[in-house]
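In what follows, a single structure is set out as structure tokens and then discussed.
Nothing in this text is a laboratory measurement; each read-out follows from the coordinates by a stated rule. Note that the coordinates shown come from a computational prediction; the quantities given were computed from them, not determined experimentally. All Cβ positions, even for glycine, are placed from backbone atoms using ideal geometry, and neighbour counts span all protein chains on display.
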Amino acid sequence: MGKHLTATMILLLSMLVFGFSAGYAQTGVVRGVVTDAKEGGTLPGAAVQVKGTLEGTVTDIDGNYSITISPNATLVFSFIGYESQEVLVQPNTTVNVALLQQNTYLEELVVIGYGVQKRDDATGSVTAVGSKDFNRGTLTTPTELVSGKIAGVQITSGGGAPGEGATIRIRGGSSLRASNDPLFVIDGVPVDNDGISGMRNPLNTINPNDIETFTVLKDASATAIYGSRASNGVIIITTKKGKEGKPLSVTYSGNFGISTPIKTIDVLDADVFRKEVQDRYPNQAGLLGTANTDWQKEIYQNAFSMDHNLSISGAYKVLPYRLSIGYTDQDGILKTDNLKRTTASVALNPTLFDGHLKIDVNAKYMNIKNQFGNRDAIGAALQYDPSKPIEDGTLYNPYYLNDVNGDGSPDTVRMPITDFGGYYAWVQPGGTDIPVEQGSSNPVALLNMRDDQSTVNRFIGNIQMDYKMHFLPELRANLNLGYDYSKAEGDNITPDYAPWSYDALNGGGNWSAYDQEKKNELLEFYLNYVKAVKSIESRFDVMAGYSWQHFYRSNSSLNSNYSRQFTLDSIRPGNYQKNFYGDYMRTYNIKSDDNPTESYLLSFFGRFNYTFKERYLLTFTLRNDGSSRFSPDTRWGLFPSAAFAWQIIEEPFMAGVNMSQLKFRAGYGVTGQQNITDNDYPYLPRYTLSDQFAQYQIGNQFYYTLRPEGYDYNIKWEETTTLNFGFDFGFANDRIYGSLDYYNRKTSDLINFIAVPAGTNLSNYILTNVGDLKNEGFEFTIVTRPVSTDKIFWELGFNATYNQNEITKLTATDDPSYTGIDVGGISGGVGNFIQKHAVGQSANTYFVFEQVYGTDGKPLQGIYVDRNGDGEITDADRYYYKDPAANFYFGINSSVSYKNWDFAFSGRANFGNYVYDNVNSENAVYERLYRPEGPYLGNITDKVYETNFVNPQFLSDYYIQDASFFRMDNMSLSYFFPDAIKKFASLRLTATVTNVFTITQYDGIDPEISGGIDNRLYPRPRTYLLGLTLQF
Amino acid sequence: MKKFANIFLIVAGLTIAFSSCTKDLDTVPLDKKVTTAATVFENPEAYLQVLAKLYAGLAVSGQEGPAGQGDISGIDEGFGQYLRGYWYHQELPTDEAVIGWNDQTIKDFHGQSWGAGDVFIAAMYYRIFYQIAVCNEYIRETTDAKLDGRGVTGDLKAQVQTYHAEARFLRALSYSHAMDLFANVPFVTEDDVVGLFFPPQIQRAELFNYVESELKEIEGQLLEPHTVYARADKAAAWTLLAKNYLNAEVYTGMARYGECATYAQKVIDAGYQLAPVYANLFLADNDQNNPEQIFSIAFDGINTRTYGGTNFIIHAAVGGSMNPSDFGVGGGWGGIRTTSAFVNKFSDASGNTDRRAMFHTDGQNLEIINIGEFTDGYAITKFKNVTSTGSAGKDIDYPDTDFPLFRLADVYLMYAEAAVRGAADMGMAVTYVNKVRERAYNGTSGNISAGDLTLDFILDERGRELYWECHRRTDLVRHNKLTSAEYVWPWKGGAPQGVATAGKYRIFPLPTADVNANPNLQQNTGY
């Protein structure tokens, strides 16, 4: 990278030199900030024009402008939805302007790839949400800010853990095997959104309080400038900055919350359980205990959280700055689960050389300490015998003090294990003290006897220099250098007296440690030339650039047992974890590994915008991407797009029509996908050395083996072609505005992991390009302001999306008997799948037997419809039935202000999303009451009374259920004290409830299941929060 | 004009600055465990390490033990292990074994109701062709021309030539399995190169000829018998030849029992002896002082770990009132048992008469009411992770016990069957069978005479001697008893008492996935 940097710096400097040598007379620069007169916020994208000429500029992201003028010029400041203002100005002055709002959009900001654009000029499908409209609550992840706010964007959290990861889908997924995550660009740096070890959600890096805008680029004409990484949409996040000329401002915001579990799964209580076991397994009744334990109650808790943020912003002379720090401490509702996060960010954005050189420096740092609760406890709490106590009374462990060698002092040898830390555990038959290896473990022991921690540090920084040529102000050069670094370390420790980690022979226990380092470097450079030619009523905006990105990742791990070596004097439950690590030995099963890998992505890109008569807009983009993941013959991919927009409202014939906005957009483009997260060399023939546990004996010696790997030399980009048509409209002076879009996306040459003809490659499955799929849909957004007076302001927003996904091709040859690729692994048995990727179906369609019901309406065990009529029920009778993706999804949000009161809510609805109820397909069967492989007893869910199934019927469509829902994500009420501390500070107090209520027919604990298989979901809690914001 | 000059300069400068970066795209793996194919054989050790992988392909499921970086995909890695898959196919459809789990379609094996979409069948098929493909790669990379090209000479060259022959043996072994289980299969050799093509389908009889010619060609190049444990030597090739000749009538329609006896005799003459104690053949130290073992799949608690292999056979057989410690494991998986039809092959199930009757009966019902219940059907205690002296194996989770793929008793019984079928000496046959039975009965009380030696007796005796050693399905097919009404056992065909099934179940279907991927393949009749 150093070499590129040097070359670019030389270029940039040479431009400066050229620039200064050009020189100018008489004229000078005027600059300043354009703000909103009422709200005080800055207005990015506002037009600043020299009256009577075509010369003009647009305010940047922070509302700043600078323009070269002659003396006594008049500047016209205008912005859609605001009243224009004219100001007489002189060269070399600063003129700040506050515009008065009409009743119209607040967010005129449109950040696009490599630039900012007036919304008017946008030809693509782009949705932006500003900080004012963000969701409220305990937010640890940026995406939570906009959940439900944007048509076509679906955000589904993986569960209710603090900082839990989320699945983000823009207009459905365009890939099957490669990543379906959108590209995230944070302050100009495309960041690595792949998982970070020991971190629940890689996006937690950004403190949501620092975010200014969240912009989603949806169609190809908007995204194609990002080429090979844009198939799943692009999300551009910009963070808050200081403003030139603004005084020092200090803001503290904090909140305190309590999260509570809403619902648990209904299992048999201890008395019913005892009766069922006695009735059904009378010979095993001796295994019953006398306790009454509600295991789910024992593992969940009301959880406390707090969040503090302090930011300082202002400007020191020409140096606007913003500094912020944040601290979050959040407990999970699963006991022992906790997240602590510290964030810090610095933004400096000075403008030098009379506005010719703008520098943006952004640095964000984050430190997360996770204490992961053992999620195995969630499943175990359903299944564990309720007639057993948590502890069985044996607290002390006399064997620790055994003196085997008879020298009078405790021995330093490892002792046999008998009491499992005082927790109840099943033991093997025949009066042994050997724990049962198979089956579930005591849920409370699972939580308390595993210590699973991680620490993650991440830094994302960039410096961006934007230079407007002195000799040619229409030409800008922009250099962006970015660095994204993360380092994660984690330890996971289970002591040897944990029953599930027992090993009498060699000492049990487990200690695994991992660390991961990721380094992603970015260099981007582009030139932008903007020229208006009055004589032909045209404006040209041309941009060309280069991007170089390097991704490096190194994972190392160490795994070993964790057996006691020395005597310990006390191991009361809850007290044995950290205190005694030093006394443990790691002598057995030691395995360490280290896997560094890297990839490069090189790109050349360009964009051409042409505007005719301010109402016909054309955009062409082209990107040429090279990826090191592909062979020299296939690594370069070309991604073009074209778009057209027509400002119908500007047409003379629209005069007199009561509309404030009417624009038609049409776009077409090709984007790519190369994000194969698990293999950086899919094309390269190579050999892999085995680890020490996969050696082979030849004679009396063991040899590490070398394996030739399967490969596809011809693997290449996956390509998605998108067609988009849309209208933007506004009525009654934008009291009502919105947009409607239709899209059609076809992905071809899907990067897929499929079976190749047997014997032709060095594995049976190869990563290769086979298959096509499509997504088609509509998006509709409308925002209205039913009431807008001095005292009351009411805004109501609604969005709706329809998306249909279909796989159109999967294999090299077409065979109707091929049922597709198994996906959707379920729990119960090993290797069972409930979903298929199949031609003619949506991705992840359920593949099941059709259940037959008795006259009483109950399903009959093992009786299915013989769909192919061959007289027997075989795998050939399974059929495709429903899929987990919602076809329709909606978002609704509203805010009402009355004087200093403010009330807001936001909610979402999904329709047509189906869930496979794996909780009950596995646990609502009588055979789970008694398991001979232990033997042990296990609890079942009370849904067993609806089926009376003895054996599990995993593949019955009975368990595929409609999980359509409406969820009120959050409601908040706040009161604003403008002069809380004698005009020195303002104060806002806010009360918020998140996950307020859910309306659904689905009777599992939560209808919203990412992937559609409901099993052992970490329940999403309801959270009550009190927050305050103090601004000085 | 100056402006344009400047722009020109900038553009020219940029072009030079950035075009040089494209060589960044030529990366090679950073991971020290990964070597490019172009350089791997620069290290002479690699020849043995790749050969070790070909052997390990029968024992482990991937490059990490017990699981991780699986060799094949599309199935749970443990299920996809070669021996476990082979065991499922050779034992579960027969009277010797039932399994109680809810794993996918696994119960279809015993019910003989599998279909072409079955993942276990696909896994076995792909496992076999995985072996064939990596053997082909090794055979290509170790030709004399390649060795000369790399400057390999002298002792190393001679060694690699032997390795080369062993790779051909391992390929012949897997092709034999393919021929036995799937009949007409795709055919790829070292002459094909890695890439997308559609291999032709070879007919079962042609495949028989190919395997026969391969084994005969390499016979002389392999190591002498007893040279190095766990490597395939001449005796391994002879045993495989004998086995294929024994079944030649099934494969080709033409009986070859005489050659079966010839090659069996070659093995017998090579100095193998029955181990004195039958039970010790299936213990953790069965790689030590074992005069009977001809070719084994080696496992080790420390170094060779898998969820398949003997790990599966031992764990899955333990449940109910069995004490896992007696089997050298931490706990059972409670899955596999046997049918009453098999138990009744022994006049006395206690093991007091015939020591090979190794059943756990306490708490077990002889008859199977519910296949899902471990306690229905007697459990089998044959394989254990304890040594012949009673101590535990090296690890409680991963057994040391090796799997006897070929052993002398099998060869004796093959010879005897050839004799009964009129192609070898009956007197020798009686002697060989009685050697086997004398060990079983701990004396001569179980000895037979020539008059007892019938085909049915041989089939039953093979069951008693070789149960759970992956011979049963092939034997039942050869005796026309796998699907026919001549012999039924509990739950054959899915009925509690057992019923005859369709003849198509004598072989397995080609997996739909491969029929779909390769237009040259014709599905086996009936599927």
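A few notes on this one:
- Between A:Thr74 and A:Phe793, residue separation times 0.36 nm minus the direct Cα-Cα distance comes to 255.4 nm.
- Chain lengthening between A:Ile782 and A:Lys858 when straightened (0.36 nm per residue, less Cα-Cα): 22.9 nm
- Gained length - A:Thr260 relative to A:Ala876, 0.36 nm times residue gap less alpha-carbon distance: 217.2 nm
- Computed from Cα atoms, the angle from the helix B:119-141 axis to the main principal axis of chain B rounds to 60 degrees.
- Rounded to the nearest Hz, the phi-derived 3J(HN,Hα) couplings of segment B:145-151 under the Karplus curve 6.51 cos²θ - 1.76 cosθ + 1.60 (θ = phi - 60°) are 4, 5, 5, 4, x, 8, x, where x marks glycine and proline.
- Cut-off 19 Å (backbone N to label point 7 Å along Cα→Cβ of A:Thr94), residues of segment A:307-330: A:312-323
- Across segment B:396-518, Cα pairs under 8 Å and at least six residues apart give a relative contact order of 15 percent.
- Amide N proximity, segment B:194-236 versus B:Asp144 label position 7 Å along Cα-to-Cβ, cut-off under 20 Å: B:214-223
- Spin-label model distance (nm) - B:Glu45 vs B:Thr153, 7 Å beyond Cα toward Cβ: 2.5 nm
- Backbone N under 12 Å from the B:Tyr527 label point (7 Å along Cα→Cβ), restricted to segment B:467-511: B:504-511
- Partner lysines for A:Lys358 [C-alpha distance under 23 Å; skip if fewer than 8 residues away on the same chain]: A:Lys118, A:Lys240, A:Lys241, A:Lys243, A:Lys246, A:Lys317, A:Lys468, A:Lys531, B:Lys3
- Cα gyration tensor category, rounded, prolate or oblate, for segment A:266-333 with a/c compared to 1.5: prolate
- Distance from segment B:174-194 to segment A:46-82 (C-alpha centre basis), Å: 76 Å
- Between segment A:229-259 and segment B:313-351, the Cα center-to-center distance that results, in Å: 65 Å
- Global form of chain A, assessed from the alpha-carbon gyration tensor, a/c cut-off 1.5: prolate
- Here's how it looks for B:Gly301: its modeled amide H is under 5 Å from those of B:Lys394, B:Asp395, B:Asp400, which are all 5 or more places away or on a different chain.
- Taking a ≥ b ≥ c as the square roots of the eigenvalues of the alpha carbon gyration tensor, segment B:386-527 is oblate, as a/c is not under 1.5 and a/b does not beat b/c.
- Using the Cβ-Cβ distance between A:Asp392 and A:Asp269 with R0 set to 25 Å, the FRET efficiency from 1/(1 + (r/R0)^6) comes to roughly 0.80.
- Residue-averaged [θ]222 nm for chain A, counting only DSSP H segments that reach four residues, each worth -39500 (n - 2.57): -1500 deg cm²/dmol
- When only the Cβ of Lys, Arg, Asp and Glu is charged (+1, +1, -1, -1), the dipole of the protein assembly as shown relative to its Cα centre reaches about 4660 debye.
- Distance between segment A:344-373 and segment B:80-151 - C-alpha centres, whole angstrom: 56 Å
- For chain A, the longest site-free run once trypsin sites (Lys or Arg not before Pro) in DSSP loop states with at most 15 other Cβ atoms within 10 Å are removed: A:318-612
- If you take all other residues with their beta carbon under 10 Å from the beta carbon of A:Asn893, and give Lys and Arg +1 and Asp and Glu -1, the sum is -1.
- Computed FRET value (nearest 0.05) for A:Phe353 with A:Tyr975, which takes r as the C-beta separation and R₀ as 51 Å: 0.65
- Near B:Ala392: Cβ cut-off under 12 Å, other residues only, Lys/Arg at +1 and Asp/Glu at -1. The net charge is -4.
- ³J(HN,Hα), Karplus 6.51/-1.76/1.60, whole Hz, each residue of segment A:294-311, x for Gly, Pro: 9, 5, 5, 5, 6, 9, 9, 8, 7, 10, 9, 9, 8, 8, 10, 9, 10, 10
- Mean Kyte hydropathy of -1.0 or more with a Cα span along the axis of at least 27 Å, helices from DSSP in chain A: A:2-22
- Per-residue shielding of B:65-76, expressed as the average number of other chain Cβ atoms within 10 Å of the residue Cβ, stands at 5.
- For A:Tyr1018, residues with placed amide H under 5 Å, excluding near neighbours: A:Gly160
- Beta bridges assigned by DSSP with both partners in the protein assembly as shown are antiparallel in approximately 95 percent of cases.
- J(HN,Hα) series, segment B:326-341, from Karplus relation 6.51 cos²θ - 1.76 cosθ + 1.60, nearest Hz, glycine and proline x: 5, 9, x, 10, x, x, x, 9, x, x, 9, 9, 10, 8, 5, 4
- The calculated FRET efficiency for the pair A:Leu740 and A:Ser535, based on their C-beta separation and a Förster distance of 30 Å, comes to about 0.25.
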